[in-house]
Structures are given as structure tokens and as C-alpha cells.
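> Quick one: this structure, given as C-alpha cells, is what I'll be asking you about.
Laboratory data are not the source of any read-out in this text; all were calculated from the coordinates shown. These numbers come from a predicted model, not from an experiment. Note that each Cβ is placed from the backbone with ideal geometry, even for glycine, and that neighbours are counted across all protein chains shown.
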Amino acid sequence: MPTLGELGVHQPALFALAVLVLNATPGVDLLYTVSRTLAGGWRQGLAAALGVGAGCVVHALLAAFGLATLLAVSAWAFTGLKWAGATYLVWLGLGMLRQAARPAPSLAATEAPVAARTGMQVFRQGLLTNVLNPKVALFFLAFLPQFITPQAPHKTLSFLLLGAWFVLQGTLFLAAVVWLTQRLHRAVGGSARLGRWLNAAGGLLFLGLALRLSRAEVPA
């Protein structure tokens with residue numbers, strides 16, 4: 001069985017540590033996963049985490065086959081994806097603010113809507129929040145090559161290997177976040193008022209992230 005070095009990957013321990021730090025940095029993916037866990041329990045949280053992971057798969061494939069280079073050199077392509085992502089974040093943020101503004105319903109009244117939002121709907125939202133962020137594509141293009149040896153016989157294969165590693169480690173990290181969030185939520189005894197405050201905070205943060213993304217420029 002070939003070693004990582006033979007597959008063109010070097011400094012795997014540093015790569016794993018860097019991925020952990022990046023996953024733990026607060027951002028759209030982490031916030032979305034936490035908010036879905038608080039709103040609908042571990043099933044929604046896990047669906048969100050899997051959706052984010054699927055989005056990373058898309059970015060890894062694009063970067064591995066060179067398509068992400070288009071975003072780095074084409075202002076038109078970068079701007080189009082940037083505004084699509086910012087618009088989607090605004091839509092999510094306004095939705096959370098609307099939920100925060102509604103009167104707190106009874107537990108019986110909320111069970112059906114929460115159940116209705118599990119599964120593919122949450123998965124698709126997690127996928128889109130990740131795919132529609134051009135900065136993630138550029139990150140893959142800039143980050144992964146640093147851990148591929150110049151002498152790698154098949155650089156595309158090395159890229160795919162690191163991309164798969166990134167996706168797996170990131171998804172496991174978000175799954176752990178879901179578990180921890182659920183445990184803490186139960187420990188503090190989540191209330192309707194707390195949920196409204198979290199929706200309001202999350203909505204404002206999504207709007208802020210949309211504003212930051214809208215100001216992003218094509219790297220020189």
C-alpha cells in the first residue's frame with residue numbers, strides 16, 4: 001500500500017492541524033450548523049453538517065481539476081458567484097430575523113414545523129451556503145497545493161486525496177459540534193426566548209457575513 005509521501009502528500013500532521021484550526025474558526029458553515037442544531041435538534045444539525053461537507057466536495061473537485069482557477073483570474077465569474085452567495089446569505093439572515101420576531105409558539109405547535117424542516121431541505125441549504133462562497137473555492141486552490149510535493153507523480157490524485165481528507169475531517173468536526181451543541185442546549189434548558197435571541201443573533205451575523213462577502217475582491 002503506497003504511503004502518503006509516495007502519493008505526493010507531505011507534512012500530513014501539519015495539514016491535519018491546519019484543517020482543525022480552519023474548521024474551528026467561526027464562519028458561515030459553523031454558524032449554520034449550530035443554528036440548525038438549536039432550531040431542530042441533532043438531526044437538523046447533522047443534515048446541515050453533511051450539506052456543508054457536500055459543498056466542500058464540490059469545491060475540492062473544482063480545484064483538483066483546475067476549474068477554480070477561473071475564479072482567480074476572471075473578475076466576471078468571481079463577482080457573479082460572490083453576489084449569488086451574498087444574496088443567499090441575506091435570504092437566510094432575513095428568514096432567521098422573521099422567526100425571531102414571531103411570538104413564541106407552544107411546544108406542540110412547533111413540533112410539526114421543526115420536523116418538516118429536517119432532511120433534504122436543511123442539507124440543501126448547507127450545500128448552497130458553502131458552494132455559493134467563492135472564497136472557499138479560492139481557499140482550496142491556495143491551501144491544498146502547499147501540502148503536495150513538487151515531485152508528485154500525479155498531482156491531481158494528490159489534490160483529490162487532500163480534498164477528501166479535508167472534507168472527512170471537516171464533516172467529523174461539525175458532527176462533534178452538533179453533539180456538543182445539543183448537549184449544552186439540554187443542559188441549560190433551552191427556552192423559546194433563548195431560541196428567539198439566537199435566531200436574531202444568527203440573522204444579524206448572516207447579514208454581516210453577506211456584507212463582508214459582497215466586499216470581497218478577486219485576489220491580485
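> So, by mean Cβ neighbours within 10 angstrom, what's the order for 155-166, 37-48, 175-186, 138-149 with the highest one leading? Before the final figure, lay out the partial values.
Numbers: 155-166: 19.6, 37-48: 22.4, 175-186: 15.5, 138-149: 17.9.
Answer by packing, highest mean first, reads 37-48, 155-166, 138-149, 175-186.
> From Cα coordinates alone, what are the radius of gyration and Dmax values for segment 5-44 in angstrom?
Gyration radius and largest Cα-Cα distance of segment 5-44: 15.2, 46 Å.
> Which ³J(HN,Hα) values, rounded to whole Hz and listed in residue order, are derived for segment 43-48 from phi using the Karplus coefficients 6.51, -1.76 and 1.60 in 6.51 cos²θ - 1.76 cosθ + 1.60 with θ = phi - 60°, glycine and proline given as x?
5, 5, x, 5, 4, 5
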